[in-house]
Amino acid sequence: TTSESKVKGDFDWSPDGKYIVYSRKSGPNRQGSKFNDLYLWDVKGKSDIRLTVDARLTTPAFSPDGSQIVAVHHADGTHNLSIITLPDEIPDDDNITELCEVNRLTSFMDGQQIYRPQFSHDGSQIYAATADLGPRDISAFDVETGAMTSLIESQADERGVTVSADGRSIHFASDRTGIFNLYRYDLTDGSLTPLTNVIGGAFMPDISSDGSLVYSEFEDGGYKIRSINN
């Protein structure tokens, strides 16, 4: 996309690989205001499909079955989670706003911040970095009720959550040693395993279906993409 599109935040691939969901600032509405909305990029058809109007949504991520999208809603300095339900059939290059159901999952009003939400392997939970006037921690949100549970809470800053291919663990970056490195948190027994030991900083992990991990490493004044196989 071009710089004029004003794409903001993370994007995500649909499970079937047909679409990329992303957020960008739409053109002015009738009141002249501009808000971030969600769009699908049809990879084969090379076309945009607008999903929302004036929704204030960023950092979208698909559910495991591809039927829903979770995104962060921004308003009055507070973040909340919204769930967007996609229609059964997505047209090739049309505006499907009228067919999309957008539901607010949380109802924070106190300046809560939420970053990079990700669905669990079974779609029942959403993992995200959260912050409330302090460093970021890792939390889980129940998809049915929106209830938030703290998973990892410390004086360090934890961020960039991603879910393992088998759904048994989450990976994230933390500066608990003074430098951001990657860690694996076992969702079954709560154990924590360091994965990297770099001196510049490791950020934004992501995992392929075969378990390979890629991340961004700060080195020599810039960022490089690194990988850890299996």
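The values are calculated or read from the model by the stated rules, or taken from the named source; none is laboratory data. Note that this is a predicted model, so its numbers are computed, not measured. For neighbour counting, all protein chains shown are included, and Cβ atoms are generated from backbone atoms with ideal geometry for every residue, glycine included. Areas reflect the complete protein model, heavy atoms only, side chains present, ligands, DNA and RNA absent. Shrake-Rupley method; radii C 1.70, N 1.55, O 1.52, S 1.80 Å.
Under the condition of being more than 16 Å from ALA61 (Cα to Cα) and not hydroxyl-bearing (Ser, Thr, Tyr), which residue from segment 160-170 is surrounded by the fewest Cβ atoms within 10 Å (Cβ to Cβ)? So, considering only residues that are more than 16 Å from ALA61 (Cα to Cα) and not hydroxyl-bearing (Ser, Thr, Tyr), the one surrounded by the fewest Cβ atoms within 10 Å (Cβ to Cβ) is ASP166. Looking across segment 135-150, the residues that are open to solvent by 40 Å² or more (accessible area, probe 1.4 Å) and either under 16 Å from the mean Cα position of the chain (by Cα) or not polar (S, T, N, Q) (or both) come down to PRO135, ARG136, ASP142, GLU144, ALA147, MET148. Give me the residue from segment 151-201 that is within 14 Å of SER120 (Cα to Cα) and hydroxyl-bearing (Ser, Thr, Tyr) and, out of that set, nearest to the chain's Cα centre (by Cα). So, considering only residues that are within 14 Å of SER120 (Cα to Cα) and hydroxyl-bearing (Ser, Thr, Tyr), the one nearest to the chain's Cα centre (by Cα) is THR162.
Okay, residues lined up against (1) in contact with a helix residue (DSSP H, G or I) (Cβ under 6 Å, 6 or more places away or on another chain); (2) open to solvent by less than 40 Å² (accessible area, probe 1.4 Å); (3) over 23 Å from ALA156 (Cβ atoms); (4) modelled with pLDDT under 95:
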position	(1), (2), (3), (4)
ALA75	no, yes, yes, yes
THR78	no, yes, yes, no
LEU99	no, no, yes, yes
SER124	no, no, yes, no
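Determine if segment 21-38 includes at least one residue that is farther than 12 Å from LYS6 by Cα, touching an Asp or Glu at 6+ places or on another chain (Cβ under 6 Å), in a strand (DSSP E or B) and in contact (Cβ under 8 Å) with a residue 24 or more places away in the chain. Yes, there is a match, as at least one residue in segment 21-38 is farther than 12 Å from LYS6 by Cα, touching an Asp or Glu at 6+ places or on another chain (Cβ under 6 Å), in a strand (DSSP E or B) and in contact (Cβ under 8 Å) with a residue 24 or more places away in the chain.
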